[in-house]
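One structure is given below, encoded as structure tokens.
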Amino acid sequence: MEEKTREQIGRKYKWTLEDIYATDEAWEQDYEKLEKLMEDIPRIQKTLTRDEKSLAGALHAMEQMEHIAGNLFVYARMRRDEDNSNTTYQARTARAMDINVRLGSALSFVSPALLALKPGVLEGYIEAAAPHCKKGRDPKTCKKGGRCSKCSNHTHGNKLLAPYDFMLKELVRSKKHVLSKKEERLLSMTADIAGAPKDIFTMIDNADMKFGTVKDADGTRVQLSHGKYIVMMQSPDRRVRRKTYETYYRSYKDMINTISAAYSASVKKDVFYARAKKFGSALEKSLFSDNVPVALYDNLIETIHKNLPTMYHYVDVRKKALGLTDLAMYDIYAPLAKETHGEYSYEQSMELVKKGLSVLGEEYGNLLQEAQDTGWIDVYETPGKTSGAYSWGVFGVHPYVLLNHRGDLDSVFTIAHELGHAMHTYHSNKNQPEAKAGYEIFVAEVASTVNEVLLTHYLLKTEQDADARRYILNHYLDQFRTTVVRQTMFAEFEKMTHAAVEAGEALTHESLCRMYGDLNALYYGPQIARDDTISFEWSRIPHFYNAFYVYKYATGFSCAVKIAADILSGRKNAVRDYIRFLSSGGSDYPLELLKLAHVDLAGGEPVNVCMQEFARALDEFEQML
């Protein structure tokens, strides 16, 4: 598809950012308005903790400032994303970032001031904000007369404080991990130092690392890069895959001592902050913000271990599909099927998505149509446009989706994925106050992945061509391998490295490669050839410098598969429960919100259901060989 300029793209294929600011002048007016509002912060600081009414007024005033600051940044950044060479929006993005930083700094007194209140005062504010049921029922589940807010037994708490009750609860929960002012200030001064390991790795990986060249299947010499590595590893030519694999990892082997030192420092940093903040471990500290118990993390790993025979079966099927007598790690990315469908126009893609998601009900379908018709989506790649895809937006305005539609099946799945995020945002914003509308990463990927799973099932149900079905199933199987099994392996590696440092052990390149190599052998099984090279894979994973993050990919995908299974099997109220989850925003902790969709991660059921679906899809694929 020939790339057009933005001016050549039709209006219906562009998002309508004017719904945030009708003109750039309106943006400037809001910028000036925020500057004036910020002048009132010293007064707010003086009256913040005076009484219940003062606190509610202060929180509302701060929310108003943060709302404008968010609008300023999102609008400027999305305008810049249309064309990153546009200096006007480069400047506005920088100004918006600056005022957001200044606002955050000016409001940094809030949490310390509230935590400094006498014991019981903050808890009293929370109690005053909470709704009550005269019959003693939990207000969240009280159903007499409909939703609890309509129940005759129900009494509202302080309506001004109610939007902030969860935020205040979080403050109380974190109190035991807050140090003295002097200690907190000292810790804050280490922020730049703490970021050094990640910065060092980033520079090595993206600036200093030099990769070699490899001849492709046509004999053309290709300069390897991070992007080209995956492309070359998908070559049908096994020689190309092997040479790419060996050449790419040779660069990491050459830098392994430096990278090991950087990663070791990163782990030590995590352990230091956990101990300083009075946590039992770095893992416990990382899970704290989502209120996730360590037992759940451990249970994910244990459940995947119990289901590893399915992964071993996958390795056998892959070997069979490729016609190989032995399978190596450089064969893992080799395609098992070719895409046979021609190009999907944007309109065709949207029709497929709408049909695939029709099981979510008429209202959901109408919203998808609204997204297509009313300027939610920026569709095509143009010069200077930000690559990839995302969903974003501001409270009070419909969500937005950035695409770079290419017309292949992956582009269709991308639309479904990003609209899943958009619908999550839409329902949360519609049903929650602004203070509770934002949701955590832990649940964010659930909504997007539900859409992908539902679309997959629709395509498999309606597609008659055997080659096309193989391609769709292969795409589906790759998600289980990469998002569930592989990310859990990463999660277990992180647990091992942090536990080693907490036990006083040193992390060397030998110990790190040994740990990773052993894990890779465990997760992929005896049917894949073990080699020394894959032991170095840990050294190229940037996520490891943001510890204990990757497990959320595995849990999110598992929850999505469970929700999709409930919907497709016709479980009573499955769609209603799922929409309730989408509407819950950040009104509670992620595990509690997922229960609204009939998903309980505590016992491991969603992960088991997910791996059972992996096994089912794998059997279906094997029968097609």
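The values are calculated or read from the model by the stated rules, or taken from the named source; none is laboratory data. Not measured: the values here are computed from a predicted model. Heads up, the Cβs are rebuilt from the backbone with ideal geometry, glycines too, and the neighbour counts pull from every protein chain shown.
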Legend entry - LEU582 being touching a residue at least 40 places away in the same chain (Cβ under 8 Å) and surrounded by 19 or more Cβ atoms within 10 Å (Cβ to Cβ): yes
Inset, instruction - Scan the stretch 42-56 for residues that are part of a helix (DSSP H, G or I) and surrounded by fewer than 17 Cβ atoms within 10 Å (Cβ to Cβ) and jot them down. - result: PRO42, ARG43, GLN45, LYS46, THR47, GLU52, LYS53, SER54
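When only residues in the stretch 209-251 that are assigned to a helix (DSSP H, G or I) and among the charged types (D, E, K, R) count, which is nearest to the chain's Cα centre (by Cα)? Steps first, please.
Looking only at the stretch 209-251, we keep the residues that are assigned to a helix (DSSP H, G or I), and these are 226-233, 238-251.
Narrowing the set further to residues that are among the charged types (D, E, K, R) leaves 228, 238-239, 241-243, 246, 250.
Details: LYS228: 24, ARG238: 33, ARG239: 35, ARG241: 30, ARG242: 32, LYS243: 33, GLU246: 31, ARG250: 31 Å.
So, considering only residues that are assigned to a helix (DSSP H, G or I) and among the charged types (D, E, K, R), the one nearest to the chain's Cα centre (by Cα) is LYS228.
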Inset, instruction - Would you please name the residue that is farthest from LEU59 (Cα to Cα), looking only at residues in the stretch 425-459 that are in a helix (DSSP H, G or I) and among the aromatic types (Phe, Trp, Tyr)? - result: TYR458
Legend entry - Extreme residue, modelled with the lowest pLDDT, among residues of the stretch 175-208 that are within 14 Å of VAL110 (Cα to Cα) and part of a helix (DSSP H, G or I): LYS181
Legend entry - Residue tally, condition modelled with pLDDT under 95 and touching a Leu at 6+ places or on another chain (Cβ under 7 Å), over the stretch 569-623: 1
Inset, instruction - Test each condition in (1) buried (at least 22 other Cβ atoms within 10 Å of the Cβ); (2) out of contact with any helix residue (DSSP H, G or I) (no Cβ under 7 Å at 6 or more places or on another chain) for ALA422 and report the one that comes out false. - result: (2)
Legend entry - the stretch 525-540 residues that are without any contact (Cβ under 8 Å) to a residue 40 or more places away in the chain, paired with ones that are of a type in the set (A, V, I, L, M) and surrounded by 15 or more Cβ atoms within 10 Å (Cβ to Cβ) (beta carbon under 7 Å, 6 or more apart): none
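Looking only at the stretch 88-110, which residues are not in a helix (DSSP H, G or I) and not polar (S, T, N, Q)?
First, the residues of the stretch 88-110 that are not in a helix (DSSP H, G or I): 107-109.
Correct list: LEU107, PHE109.
When you check PHE395 against the structure, is it surrounded by 21 or more Cβ atoms within 10 Å (Cβ to Cβ) and out of contact with any His (no Cβ under 6 Å at 6 or more places or on another chain), yes or no?
Working: surrounded by 21 or more Cβ atoms within 10 Å (Cβ to Cβ): no; out of contact with any His (no Cβ under 6 Å at 6 or more places or on another chain): yes.
No.
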Inset, instruction - State whether one or more residues within the stretch 555-578 are in contact with an Asp or Glu (Cβ under 8 Å, 6 or more places away or on another chain), β-branched (Val, Ile, Thr) and farther than 19 Å from TYR439 by Cβ. - result: yes
Legend entry - Residue check, ALA499 touching a residue at least 40 places away in the same chain (Cβ under 8 Å), over 19 Å from TYR545 (Cα atoms) and part of a helix (DSSP H, G or I): no
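Does ASP518 fit the bill of being charged (D, E, K, R), closer than 23 Å to PHE480 by Cα, at pLDDT 95 or above and surrounded by fewer than 18 Cβ atoms within 10 Å (Cβ to Cβ)? First the steps, then the outcome.
Values: charged (D, E, K, R): yes; closer than 23 Å to PHE480 by Cα: yes; at pLDDT 95 or above: yes; surrounded by fewer than 18 Cβ atoms within 10 Å (Cβ to Cβ): yes.
Taking the combined requirement at face value, the residue satisfies it.
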Legend entry - Conditions (1) assigned to a helix (DSSP H, G or I); (2) over 26 Å from the mean Cα position of the chain (by Cα): number failed by TYR523: (2)
Legend entry - Residue tally, condition surrounded by 15 or more Cβ atoms within 10 Å (Cβ to Cβ) and in a loop (DSSP other than H, G, I, E, B), over the stretch 1-36: 6
Inset, instruction - Of the conditions (1) small (Gly, Ala, Ser); (2) surrounded by fewer than 18 Cβ atoms within 10 Å (Cβ to Cβ); (3) in a helix (DSSP H, G or I), SER85 clears all except one; give me its number. - result: (3)
